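The values are calculated or read from the model by the stated rules, or taken from the named source; none is laboratory data. Please read all numbers here as calculations on a predicted model, not as lab measurements. Because the Cβ atoms are built from the backbone with ideal geometry, glycine has one as well, and the counts that use them run over all protein chains shown.
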Amino acid sequence: MSIRTLLGLVAILVIGGALSLVLSDYSLRLMNLAVVSAVAVIGLNFAFGYSGLISLGHSAFAGLSAYCVAILTTKLGLSPWVAMPVAIIATALSAALIGYPLLRLKGHYLALATLGFNVSFTIVAINWLDLTGGTNGIAGIPHLSVAGYELSDERSFLWFALISLTLVAAAAAAIHRSRHGRAMIAVRDDEIAAAMAGIDVTGVKVAAFTLAGTCAAIAGCLFATHIRFVAPEDFNYAHSITYLAMLIVGGEGSIAGAIIGAVVLTFLPEWLRVLGDAYLLFFGLMMLVILVILPTGIVGLVRRISLKRRSPGDETTNVPARAGAHS
Amino acid sequence: MLTCNDLTVAYGDIVALHGVNITVKAGETVALIGANGAGKTTLLQTISGLNKVKSGDIVFESSSLATIPSERRVRLGIAHAPEGRRIFPGLTVEENLSLATAPWRRWSQSIADDLGRVFDLFPRLKERRRQLGWSLSGGEQQMLAIGRALMARPRILLLDEPSLGLAPRLAEEVYERVKLIGEAGMTILVVEQNTVLALAVANRGYVLETGRVVLEGAAKDLKQNSRVREAYLGR
């Protein structure tokens with residue numbers, strides 16, 4: 001693990017931990033939501049950022065896992081610690097199963113197919129009354145407890161969520177640096193050249209999609225044990241689009257970007273509450289500006305500024321290219 | 001080592017190769033020359049499994065490639081430096097190189113040795129090993145594409161227009177390296193529009209016109225052939 005990665009991981013714990021001591025309960029709740037989103041967006045980064053697979057169904061995987069936890073704990077009375085691994089494994093398997101046929105599609109076809117998957121998920125969750133409780137959702141998911149201590153307040157749950165985020169980010173960084181991470185980027189950059197270099201393109205895509213689903217599943221577990229209530233609208237396609245927006249605002253292809261994007265887009269609506277309904281207009285314009293002026297997101301901007309300071313006019317420095325053609 | 005038997009390839013209704021017969025023997029460098037649209041690139045892509053064969057067969061070391069997908073063909077020893085280089089812009093030079101072996105061979109001393117060999121052949125790549133692919137010049141990208149193909153420890157190297165888009169001096173530099181690789185014992189099938197360069201490094205050659213082999217022979221004979229001289233050498 002590189003020093004930069006290590007510093008980043010420590011920064012998550014230190015900044016998050018410090019904030020947890022000073023913020024109000026309401027802000028802590030938002031922090032928790034941001035951290036849960038960050039875990040999901042790190043997952044989306046495997047599919048979209050590294051492998052170039054656009055997914056508008058990411059929220060459905062979080063939902064699948066959250067519902068698993070809800071059903072296993074409330075209907076079967078299992079401990080969340082048993083339910084969560086089961087939910088994560090089940091969701092990862094379904095991501096692989098769904099990915100295998102869907103990933104033959106490319107670009108906007110894949111976007112539409114994954115969107116369709118998300119919509120179907122919501123419809124099933126609304127209509128399978130016996131299992132999911134329909135639009136009423138499932139309430140009464142038990143608190144997580146660690147060594148006899150119940151994580152029942154926002155502050156203690158945030159510590160648990162921060163540790164989870166750190167572990168997910170560390171795993172993601174390790175995969176990024178491994179041959180598997182390089183294979184994903186190669187598939188994103190040029191599928192034909194990747195096949196010519198001996199890479200199993202379909203295998204890499206399914207693996208990336210499954211990893212994305214796994215992270216979404218972890219986020220779903222955190223969501224279920226934090227809010228302790230799941231309902232279909234918590235996992236509709238609008239959330240999938242928000243995840244994608246978080247990744248683009250933060251900087252696709254970057255783990256730091258995924259986290260920053262999740263935090264910014266969770267808090268922005270609160271900071272700009274004065275705008276009222278005009279927030280959506282502002283949000284739309286902001287996305288446009290980011291796509292046109294900052295295609296590599298906030299992380300790309302920071303990197304560009306620091307490079308300019310270090311070596312003005314040096315063309316050979318490593319500014320990452322915009323993630324090529326996503327077609 | 002590699003034989004194409006009566007190979008026919010079509011894109012929909014358009015037939016790109018009509019019953020092509022080509023043989024490459026171990027250790028030789030074979031040039032495939034011809035104008036734009038003659039089917040040269042199609043032939044190389046079919047050998048590496050990117051195009052479907054309509055009829056005929058490709059035999060590599062006495063076994064048919066018909067059912068083998070392209071990524072497996074690389075592992076069997078058919079490495080392809082594609083037309084237009086197609087290096088990975090978002091990966092560094094070193095990552096581009098190690099990628100070509102790493103998916104099926106774990107990082108080990110042997111890969112470091114392979115990297116060293118490529119860097120010996122192309123010292124410029126060593127200087128730029130930490131740079132991202134897109135920031136390389138055209139010549140460096142071509143060297144990287146050839147280096148990447150070599151990293152797979154091929155038994156045969158397929159080169160598609162290594163001179164494409166390069167200044168004449170750079171194209172010659174690339175071909176000097178191709179010659180060195182061939183002299184070290186590598187079997188090479190090179191597709192090229194720049195007939196002078198290709199015939200200078202090749203032992204034998206085939207001339208392809210609208211999907212058919214119209215001429216074949218030793219490189220030195222092809223250089224003297226009146227048809228080749230008129231059509232491709234401009235003399």
| Among the residues of segment A:62-91 satisfying the criterion of being of a type in the set (A, V, I, L, M, F, W, C) and touching a strand residue (DSSP E or B) at 6+ places or on another chain (Cβ under 9 Å), which is surrounded by the most Cβ atoms within 10 Å (Cβ to Cβ)? | A:66
| task | Considering only residues that are among the charged types (D, E, K, R) and touching a residue at least 24 places away in the same chain (Cβ under 8 Å), look in segment B:180-211 and name the one that is farthest from residue B:30 (Cα to Cα). | result | B:209
| message | Looking at residue A:110 and the list (1) part of a helix (DSSP H, G or I); (2) more than 14 Å from every other protein chain (Cβ to nearest Cβ); (3) over 30 Å from residue B:41 (Cβ atoms), which single condition is not satisfied? | response | (3)
| Out of all the residues in segment B:38-64, which are within 14 Å of chain A (Cβ to nearest Cβ) and in contact with a Gly (Cβ under 9 Å, 6 or more places away or on another chain)? | B:42
| said: Can you confirm whether residue A:241 is more than 14 Å from chain B (Cβ to nearest Cβ), among the β-branched types (Val, Ile, Thr), within 14 Å of the chain's Cα centre (by Cα) and surrounded by fewer than 21 Cβ atoms within 10 Å (Cβ to Cβ)? | reply: yes
| task | Among the residues of segment A:264-285, write down those that are in a helix (DSSP H, G or I), surrounded by fewer than 22 Cβ atoms within 10 Å (Cβ to Cβ) and hydrophobic (A, V, I, L, M, F, W, C). | result | A:264, A:267, A:268, A:271, A:274, A:275, A:278, A:280, A:281, A:282, A:283, A:285
| Selection from segment B:156-175 of residues that are among the acidic types (Asp, Glu) and within 16 Å of residue B:145 (Cβ to Cβ) | B:160, B:161, B:173
| query | Among the residues of segment B:81-100, is any small (Gly, Ala, Ser) and either more than 13 Å from chain A (Cβ to nearest Cβ) or without any contact (Cβ under 8 Å) to a residue 24 or more places away in the chain (or both)? | reply | no
| message | So the check is Cβ under 6 Å with 6+ separation or different chains; which pairs have a first residue in segment A:175-197 that's farther than 20 Å from residue B:76 by Cα and a second one that's hydroxyl-bearing (Ser, Thr, Tyr) and modelled with pLDDT of 90 or more? | response | A:184/A:50; A:184/A:51; A:185/A:50; A:187/A:51; A:188/A:51
| request: Determine if segment A:18-40 includes at least one residue that is basic (Lys, Arg) and either closer than 21 Å to residue A:261 by Cβ or at pLDDT 95 or above (or both). | output: yes
| task | Being at the interface with chain B (Cβ under 8 Å from one of its Cβ atoms), over 18 Å from residue A:252 (Cα atoms) and of a type in the set (A, V, I, L, M, F, W, C) is the filter here, so list the residues in segment A:163-203 that pass it. | result | A:192, A:193, A:194, A:195, A:196, A:197, A:199, A:201
| task | Keeping to segment A:1-54, report how many residues are free of Cβ contacts under 8 Å to residues at least 24 places away in the same chain, surrounded by 13 or more Cβ atoms within 10 Å (Cβ to Cβ) and not small (Gly, Ala, Ser). | result | 2
| Could you say which residue among A:247, A:288 is at pLDDT 85 or above, part of a helix (DSSP H, G or I) and closer than 17 Å to residue A:43 by Cα? | A:247
| Pick from segment A:120-132, criterion free of Cβ contacts under 8 Å to residues at least 12 places away in the same chain and hydrophobic (A, V, I, L, M, F, W, C), ranking: surrounded by the most Cβ atoms within 10 Å (Cβ to Cβ) | A:124
| said: Can you tell me how many residues within segment B:132-169 are in contact with a Pro (Cβ under 8 Å, 6 or more places away or on another chain) and within 12 Å of chain A (Cβ to nearest Cβ)? | reply: 5
| task | Being in contact (Cβ under 8 Å) with a residue 60 or more places away in the chain, of a type in the set (Gly, Ala, Ser) and touching a helix residue (DSSP H, G or I) at 6+ places or on another chain (Cβ under 8 Å) is the filter; apply it to segment A:92-119 and report the residue that is surrounded by the fewest Cβ atoms within 10 Å (Cβ to Cβ). | result | A:96
| query | Out of all the residues in segment B:188-212, which are surrounded by 22 or more Cβ atoms within 10 Å (Cβ to Cβ) and in a strand (DSSP E or B)? | reply | B:188, B:189, B:190, B:191, B:192, B:205, B:206, B:207, B:208
